[in-house]
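Okay, so here's the structure we're looking at.
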Amino acid sequence: MLGRPLLPLLFSMLAGILVSYYCLPAFPFYSSHSIFLWICAALVLILFLPSGLKLACLVAVFFLFGVFLDFGSRRSGELATLADQRPIAVIQGVVLEPPRIGRRYTKLAVEADKVLVEGRLRHVREKVVVTVYDSARKFAPGDRVICPARLKPFRNFANPGHYDYELAMRLKGFSCAASVSDGRRVVPLGKGSLGFPSEQLEKVRKPLRMFLDKELSQQEGALFSALILGERQNIDVELREDFQAAGLGHVLAVSGLHIGLVAWIFFSILKISLSFSYRLALRIEVRRLAAVLTCIPVIAYAFLAGFHVSTQRAMIMVVAYLFSIILGREREVWSTLCLAALVVLAADPHALLGISFQLSFLAVVGILWLGPYFYHKFVGFFPLAEQSASVGAQIYRYVAGLISITISATVFLLPITVFYFHRISVVSVPANCIVVPILGIVVLPLGLLVAFLVPFSQLLAHFLLQLDAHALNTVVAIVHFLGSSGFSSLWLVTPNAFEIVLFYAFLILLHYRKRWRWARPGLYGVVLLIVLDVSFWTWKTQFNRNLRITYLDVGQGNAALVQFPGRKRMIVDGGGFSGGNFDVGQRVLAPFLFYSKIRRIDYIVLTHPQTDHMDGLRFLAAHFHVKEFWSNGEWVETESFHELMKTVRAKNLLQIFPDDLRQARKIGGVKVELLHPPPGAGVLKGNNRSLVLKFSWGGVSCLFPGDLEAAGERMVVSNSSTKLRSNILLAPHHGSKTSCSTLFLEYVKPQLCIISSGAGNPFHFPNKEALERLRVFGCKTVRIDRRGAVEILIEPGYYQLKYLANR
């Protein structure tokens, strides 16, 4: 610690930021001014302390400094407060980056400077994500626009294990979202100012962007824009999925890999070039001069790539290392890493909470710690290759180093990767070993050379770009070959904090088992805890004693997990959103299931084929080893329905229709009854043809009526009146005005009604009249849009309501 004082100082500042962020908001008597005074007092105290206590006091100062930084970063914009009320506003501002174009919408990042709400004009300077539906206009960075829009807050899906979308958008600097129903309402006002240095950068980036659009195909242009300009908006979902499955998702974002490759290329070229000057080599150390000069292209590339947060972070890390070479301290890699982290966190303390910061720095930690171990193991297979100067030996050492780096980063990041992304790639080592050299030796250098040549010679730039495009297409072919296989990646359950700690404890103790006397017994203890943890989750997920029904937050839609006594599980509906690429199954349902340590679903039920019940089932059908698919038999001509049925057939799922469910089924002792539709209901369409299922166990029953409306409710009362009575009711049609009729409620007599409707939905669900009818019947209502996911634990004779997420 004394040899590397930056290490305890960094950990102290990290602790200060985390303690302040998670604990101190509850104590309003703290303020940034009082903390600043404490820091000043501690710094003065250090002057009078003996040398042995100065480091300890400095550690305390950095802890307070972390708290101070967190307090100073707590900014709540005016628009964020307004968005909670979801008002209609007129927004005027400047488009900041190229739009993201979907099938029915365009997303714009707009820096708003004027907002008119309820007759009051507000002058602001806040970033807003504007979603424009049915847009016919093309937008570009620097365009000034004005439009009427409905402001909306960013909102998480309130299920355990959810992705923190609100935090992610806050870290990107956005205050709120806004939606425009018709693109014709977005009126261009000419050119606006992007500010310094974005305005100057756009003058360089725009011609290059236009050149790429003109010379390349859509896919090639999207990839080059991602690698050179840091713009990933137009990479299609299928290609992005191939990169993720192959363990190459990091290649698509300009980050440490790209900045590091640029630094390595220029440093190597400059060092060799400068070495040709005998006089210069005698007067100055060539390596240090090369490091100084390398800072220029590194910083230039960071700005060319848009100077996004991940790019800034990577640039700081690389420049810090270059400065360690300049100072002759390049062997102090740990101190250099700590210095880079301190600089990044001083600029933005909440970067610590971001996924990219954690992955970037932990990957470097893994490479620095485990890389030498793996490298020596690989080189040890051929001892002559370690000292030989032959070309073959050099190639072997290079490949060994590349494999060692990939394995080190992959192993060390394993629990963090699974925690955030729920999957690992089993082909990441060969994929990185093949793709990264092509990227670093051909694609990036030629791409940067093209960017340099565009203003001077478009003919030469065109020739080099075509060569580069061949190399990039080779990369795409390799990625598609490796990533499109069904066995290229594994989906895994989410580790909790205790399990992550166990993993790193096991790794550390295994590594140092021969150096530390107590490491071996500690290793045995950790293995025992791992066995106990696996045993606990096996018992909980495979030997369930009760019936559990979890109603999930999927926005405007329905989705519920039914866990039968024993090990059988069922998903009833899967939620979904129309007109976009957002996969509710992958992004909302699967993270909850992985968090709950569930990898297998036995039955999926589609009450009726509408988007808000159906789209999330596609991913579950493909990846959760489903056995049976229950549906009402209705066929609709929509793309998502065809994709779902294609998956059902490809996975050879047993299709169950209403006629197959006329007799009640027993699953884990639970009686499952179909109450609707009746035989010969082929004339029914849409909502009123929804499957109506009743689950009964231990004297308690739950009713799932799908999207039944008044006509369907009258029909189910007419055909199944004696079976309708249930303790728990999922509100039909999300609590619409045409559902929850008095006749229906008289026969169901629910004690508890769960209402699944999205907050601020355009249909104004749940309807006030429906809520009033439920109140008249003395039924307690629980709205998922306000309380998040809820679990009903049913034991013989009674049930218990549990809120799984708090708003």
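The values are calculated or read from the model by the stated rules, or taken from the named source; none is laboratory data. Source: prediction; values computed, not measured. For neighbour counting, all protein chains shown are included, and Cβ atoms are generated from backbone atoms with ideal geometry for every residue, glycine included. For accessibility, only protein heavy atoms count, side chains too; no ligands or nucleic acids. Shrake-Rupley method; radii C 1.70, N 1.55, O 1.52, S 1.80 Å.
Quick notes
- Flag for R520 being part of a helix (DSSP H, G or I), more than 26 Å from P658 (Cβ to Cβ) and in contact (Cβ under 8 Å) with a residue 24 or more places away in the chain: no
- If you check G77, G66, G72 for being closer than 30 Å to P153 by Cβ and modelled with pLDDT of 85 or more, only one passes: G66.
- Search result, residues across the stretch 719-738 that are open to solvent by 10 Å² or more (accessible area, probe 1.4 Å) and within 17 Å of G778 (Cβ to Cβ): R725, N727
- Each residue in the stretch 189-206 was checked for being over 30 Å from A471 (Cβ atoms) and surrounded by 13 or more Cβ atoms within 10 Å (Cβ to Cβ), and 4 of them qualify.
- Check on S12, open to solvent by less than 30 Å² (accessible area, probe 1.4 Å), of a type in the set (S, T, Y) and more than 22 Å from L171 (Cβ to Cβ): yes
- Candidate set: the stretch 613-660, residues that are acidic (D, E) and assigned to a loop (DSSP other than H, G, I, E, B); chosen: the one surrounded by the fewest Cβ atoms within 10 Å (Cβ to Cβ): E637
- Only listed residue being closer than 28 Å to F487 by Cα, in a helix (DSSP H, G or I) and open to solvent by 10 Å² or more (accessible area, probe 1.4 Å), chosen from R209, R240, R232: R240
- Condition met for V318 (more than 25 Å from the chain's Cα centre (by Cα), within 19 Å of H250 (Cβ to Cβ), part of a helix (DSSP H, G or I) and not charged (D, E, K, R)): yes
- Filtering the stretch 145-193 to residues that are closer than 29 Å to F357 by Cβ, part of a strand (DSSP E or B) and either modelled with pLDDT under 90 or of a type in the set (D, E, K, R) (or both) leaves only K152.
- Check on F323, of a type outside the set (V, I, T), without any contact (Cβ under 8 Å) to a residue 40 or more places away in the chain and touching a Ser or Thr at 6+ places or on another chain (Cβ under 7 Å): no
- Those residues of the stretch 753-807 which are touching a residue at least 24 places away in the same chain (Cβ under 8 Å) and charged (D, E, K, R), in sequence order: E769, R773, K780, R783, D785, R786, R787, E791, E795, R807
- Filter result for the condition that a residue is part of a loop (DSSP other than H, G, I, E, B) and aromatic (F, W, Y), over F196, F267, F224: F196
- Filtering the stretch 719-755 to residues that are closer than 23 Å to W697 by Cα and within 37 Å of the chain's Cα centre (by Cα) leaves I728, L729, L730, A731, P732, L752, C753, I754, I755.
- Top-ranked residue in the stretch 560-582 [being of a type in the set (G, A, S), open to solvent by less than 10 Å² (accessible area, probe 1.4 Å) and in a strand (DSSP E or B); ranked as nearest to I755 (Cα to Cα)]: A560
- Any hit, the stretch 566-583, residues being within 23 Å of E643 (Cβ to Cβ) and hydroxyl-bearing (S, T, Y): yes
- Residue check for R548: surrounded by 16 or more Cβ atoms within 10 Å (Cβ to Cβ) and within 25 Å of R423 (Cβ to Cβ): no
- Among (1) open to solvent by 60 Å² or more (accessible area, probe 1.4 Å); (2) touching a residue at least 24 places away in the same chain (Cβ under 8 Å); (3) within 18 Å of G447 (Cβ to Cβ) - the single one R287 does not satisfy: (3)
- Among the candidates A109, A149, A83, the residue that is closer than 27 Å to L589 by Cα, among the small types (G, A, S) and crowded, with 19+ Cβ neighbours inside 10 Å is uniquely A83.
- Top-ranked residue of the stretch 170-185 - restricted to ones that are of a type outside the set (S, T, N, Q) and touching a Phe, Trp or Tyr at 6+ places or on another chain (Cβ under 8 Å), ranked as nearest to R137 (Cα to Cα): G183
- Under the condition of being closer than 23 Å to P762 by Cβ and in contact with a Lys or Arg (Cβ under 6 Å, 6 or more places away or on another chain), the residues counted in the stretch 554-584 number 1.
- For the stretch 363-381, the count of residues that are outside any helix (DSSP H, G or I) and closer than 27 Å to F65 by Cα is zero.
- Helices (runs of 4 or more DSSP H) enclosed by the stretch 691-807 - at least 3 residues per element that are closer than 30 Å to F657 by Cβ: 710-720, 742-748
- Yes/no for L674 being on the phi < 0 side of the Ramachandran plot, in contact with a strand residue (DSSP E or B) (Cβ under 9 Å, 6 or more places away or on another chain), without any contact (Cβ under 8 Å) to a residue 24 or more places away in the chain and open to solvent by less than 30 Å² (accessible area, probe 1.4 Å): yes
- The stretch 387-408, residues that are open to solvent by 20 Å² or more (accessible area, probe 1.4 Å), within 24 Å of H511 (Cα to Cα) and of a type in the set (A, V, I, L, M): V399, L402, I403, I405, I407
- Residue match in the stretch 49-72 (condition: basic (K, R) and closer than 29 Å to V124 by Cβ): no
- Count - residues of the stretch 121-138 that are open to solvent by 80 Å² or more (accessible area, probe 1.4 Å) and of a type in the set (A, V, I, L, M): 2
- Qualifying position, being touching an Asp or Glu at 6+ places or on another chain (Cβ under 9 Å), assigned to a helix (DSSP H, G or I) and free of Cβ contacts under 8 Å to residues at least 40 places away in the same chain, among G585, G525: G585
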